[in-house]
Amino acid sequence: MKKTDIKSLFYEELEQRLAQMGEKPFRAKQVYGWLHEKMAVDFGQMSNLSLTLRQRLEEEFYLTVLEPVEVKISKIDGTRKYLFRLEDGNVIESVWMKYRHGCSVCVSSQVGCRMGCGFCASTIEGLERNLTPAEMLEQVYRIQALTGERVSHVVVMGSGEPFDNYDTVVAFLRLLSHELGLHISLRNVTVSTCGLVPGILRFAEEGLPVTLALSLHGPNDSVRKTLMPVANRYPLSEVLDACRKYFEKTGRRLTFEYSLIKGVNDQLSLARELAALVGPLHGHVNLIPVNPVEEREYACSGKKDVLAFQEILKKAGIAVTIRREMGRDIHGACGQLRRSFRKKQSRNDNGPEWEGKGG
């Protein structure tokens with residue numbers, strides 16, 4: 001009999017499964033609490049359940065628990081980057097950041113990514129597979145358990161395109177915010193997309209008060225197409241129209257992510273174009289000095305250029321901030337730690353000949 005991923009079940013589904021096993025309704029509340037509030041790593045920990053029930057749970061369900069493989073701690077700001085191993089041997093990255101307002105975790109939604117953005121390490125080897133709701137939750141749960149500090153904010157901005165794994169991401173959000181679990185407010189959650197229009201429009205109908213962040217990176221289709229293949233499918237006019245509809249439906253202010261790349265999208269003429277583009281949308285622009293990626297040729301804009309770009313937006317009345325460069329000394333960019341781990345793994349698997357194979 002194939003076991004069920006118990007941590008990916010909604011409360012109502014768990015209640016139904018336990019009823020089918022002949023258990024009383026209150027058992028669902030107990031089990032759910034162990035899974036999502038106490039973050040149990042095995043059924044044996046569930047001490048207020050009978051031994052018989054624990055054994056039956058073991059027989060019918062499996063419990064997803066991520067194994068920490070590596071953690072890098074920034075000497076600059078204390079940011080922690082975790083590399084977790086999944087049950088099938090794949091590895092994913094998650095990041096813990098501490099701010100004045102609380103602790104934030106950046107989670108991945110896929111193993112790898114197929115969006116092909118030119119400045120991102122996550123997409124270099126393409127998409128391996130989608131994550132499950134449990135695997136997304138576990139990134140938050142393990143980090144909270146490992147740090148001993150409550151996670152108050154979550155950003156779905158790690159490896160992967162969230163709307164390319166739509167159903168899983170929505171399930172993750174509902175489980176993350178459930179009152180019998182960690183009960184993290186969805187107003188403290190941000191989901192980032194490279195601009196999958198159908199996903200944005202569908203997400204607007206979910207009734208979830210989540211902040212939507214658009215990876216913009218260029219104020220026109222020409223610039224975006226040089227950086228983001230998705231721009232060939234969804235022109236900026238369609239993407240921004242979908243964002244406008246998201247705001248109208250949810251009332252949540254939009255965030256526009258703009259990675260500044262030297263000589264590519266940091267010209268002041270583009271700053272003026274960006275101001276005219278996003279001004280009517282009343283959103284917030286987050287300027288990101290791009291994290292250099294070894295396999296990519298793009299370089300970070302200089303501090304002077306970043307400040308000049310910001311100043312133009314400010315003068316145009318745009319709400320704009322420069323993102324703090326968290327974890328730059330620990331492979332801060334999405335996908336970098338996973339890439340370095342896989343390279344190291346390849347060298348170990350193939351011995352000293354590996355470097356001569358052009359890998």
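None of the figures in this text is laboratory data; all of them are computed from the coordinates on show. This one's a predicted model, so the numbers in the text were calculated from it and none came from an experiment. Note that each Cβ is placed from the backbone with ideal geometry, even for glycine, and that neighbours are counted across all protein chains shown.
Taking 25 °C and 0.890 mPa s as the conditions, I'd like the Stokes-Einstein D for segment 235-283 in µm²/s, using the Kirkwood hydrodynamic radius from alpha carbon pairs.
Diffusion coefficient, whole number: 205 µm²/s.
Go through 81/315; 3/81; 98/315; 3/24; 81/245 and tell me which ones have a Cα-Cα distance over 29 Å in this structure.
Pairs exceeding the cut-off: 81/315; 3/81; 98/315; 81/245.
Using Cα pairs under 8 angstrom and six or more residues apart, how large is the relative contact order of segment 84-166, in percent?
Here the relative contact order equals 37 percent.
Quick one, could you list the DSSP H helices from the chain stretching 20 Å or more along their long axis (Cα atoms) with average Kyte-Doolittle hydropathy of 0.5 or above?
Helices meeting the span and hydropathy rule in the chain: none at all.
Which GluC sites (Glu not before Pro) does segment 128-175 hold that lie in a coil by DSSP with at most 14 other beta carbons within 10 Å?
149
Dipole size in debye (nearest 20) for segment 235-282 around its Cα centre, Lys and Arg Cβ +1, Asp and Glu Cβ -1?
In debye, rounded to 20, segment 235-282 gives about 200.
In straight Cα distance, which lysines are under 21 Å from residue 314, not counting same-chain residues fewer than 8 positions off?
262, 303, 304
Looking at 35, 46, 11, which one has the Cα that reaches farthest to the positive end of the dipole of segment 4-62 (charges on Cβ: Lys, Arg +1; Asp, Glu -1)?
Result: 46, furthest along the dipole toward the positive end.
To make sure I understand the rule: partners must be aspartates and glutamates, Cα under 18 Å from the Cα of residue 75, and not fewer than 8 residues away in the same chain. Which ones qualify?
Partners found: 325, 329.
Which of 27, 80, 100 moves the most in a Gaussian network model of the chain with Cα springs under 10 Å?
Largest GNM mean-square fluctuation: 100.
Over the chain, what is the relative contact order in percent, taking alpha-carbon pairs closer than 8 angstrom and at least six residues apart?
Contact order relative to length: 14 percent.
Residues with amide H under 5 Å of residue 69's amide H, sequence separation 5 or more or different chain, H placed in the peptide plane at 1.01 Å from N; which?
Answer set, sorted by chain and number: 83, 84, 85.
Starting at 0 and stepping by 10 Å, how many percent of the alpha carbon pairs of segment 67-345 end up in each bin?
Answer for segment 67-345: a P(r) of 7, 30, 38, 22, 3, 0 percent.
Using 0.36 nm per residue, how much length does the chain from residue 88 to residue 38 gain when fully extended, once their Cα-Cα distance is taken away?
Net length gain for the segment: 15.5 nm.
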